[in-house]
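Asks: Below is a structure I'd like to ask you about.
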Amino acid sequence: YLLLISYILYLSLHKVQILRTAEGKFEEAVIEYLFTVYLFPMIVVPIMWYETRKIAGVLNGWVDFEVTYKKLSGHVLPLHLYRKSLAIAIIIPILSTTSVIITHVTMVDFKLVQIIPYVFLEILTYILGGYWYLLCETLSICAKILADDFQLALRHIGPAGKVAEYRALWLRLSKLARDT
């Protein structure tokens, strides 16, 4: 992390020196400043480290939810998100890297070493978006499956405890949605 921050500060200071000495167009100067400012969210990465405890708690809550669902229903929760998650994990880094390379190649003072932090930040930003998409999709699928199973349990005359267990599972899903 410290190496990454040092690298970002070096690039930022180097760009500021280029801008001070440049006699180029105003648009190029604005774009250079914007790209420099775009790097500063990297400094808040330790704040994300603080949030990892909460994220781990949410992921552990999902594991508990799946285990409880399997015990109650007798089968595994059918999410079928493997292809989507694999596509997100492969396509986002490729598109992000390509986007950054194309953007930087068109700049006047292009240097290959400048691309690394931008690629990292771009991938991190879009992977987090993909993560949120998958979480929302999972919530939606689980809510529908749980509602269908609950309706099925209500239609069949059986132990009232099963309805209570589905209600408890629904409350657990609701808590996961709030925590997510």
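Asks: Which of the residues spanning region 85-119 are hydrophobic (A, V, I, L, M, F, W, C) and in contact with a His (Cβ under 8 Å, 6 or more places away or on another chain)? Don't jump to the end; show me each part of the working.
Replies: Going residue by residue through region 85-119, those that are hydrophobic (A, V, I, L, M, F, W, C) are 86-92, 94-95, 100-102, 105, 107-108, 110, 112-113, 115-116, 119.
Of everything in region 85-119, those that are hydrophobic (A, V, I, L, M, F, W, C) and in contact with a His (Cβ under 8 Å, 6 or more places away or on another chain) turn out to be F110, I115.
Asks: I've got another one for you. The conditions are (1) part of a helix (DSSP H, G or I); (2) at pLDDT 90 or above; (3) more than 18 Å from the chain's Cα centre (by Cα); (4) not acidic (D, E), and L79 fails exactly one of them. Which is it?
Replies: Going through (1) part of a helix (DSSP H, G or I); (2) at pLDDT 90 or above; (3) more than 18 Å from the chain's Cα centre (by Cα); (4) not acidic (D, E) one by one, L79 breaks only (1).
Asks: Which pairs have Cβ atoms under 6 Å, sit 6 or more apart or on different chains, and link a residue in region 91-109 that is closer than 16 Å to L39 by Cβ to one that is modelled with pLDDT of 80 or more and among the aliphatic types (A, V, I, L, M)?
Replies: S96/I123; V100/I115; V100/V119; H104/I115
Asks: Condition check: of a type outside the set (D, E), closer than 30 Å to L39 by Cβ and out of contact with any helix residue (DSSP H, G or I) (no Cβ under 7 Å at 6 or more places or on another chain). Does I115 satisfy that?
Replies: Details: of a type outside the set (D, E): yes; closer than 30 Å to L39 by Cβ: yes; out of contact with any helix residue (DSSP H, G or I) (no Cβ under 7 Å at 6 or more places or on another chain): no.
No: the conditions fail for I115.
Asks: Kindly indicate the residue of region 130-166 that is loosely packed, with under 12 Cβ neighbours inside 10 Å and modelled with pLDDT of 90 or more and also nearest to the chain's Cα centre (by Cα) among those meeting that condition.
Replies: W132
Asks: Further question on the same structure: Tell me, yes or no, whether region 12-23 has at least one residue that is in contact with a helix residue (DSSP H, G or I) (Cβ under 9 Å, 6 or more places away or on another chain), surrounded by 14 or more Cβ atoms within 10 Å (Cβ to Cβ) and at pLDDT 85 or above.
Replies: No, because not a single residue in region 12-23 is in contact with a helix residue (DSSP H, G or I) (Cβ under 9 Å, 6 or more places away or on another chain), surrounded by 14 or more Cβ atoms within 10 Å (Cβ to Cβ) and at pLDDT 85 or above.
The values are calculated or read from the model by the stated rules, or taken from the named source; none is laboratory data. This structure is a prediction, so every number in the text was calculated from the model and none was measured. Every residue, glycine as well, gets a Cβ built from its backbone with ideal geometry; the counts of neighbours run over all protein chains shown.
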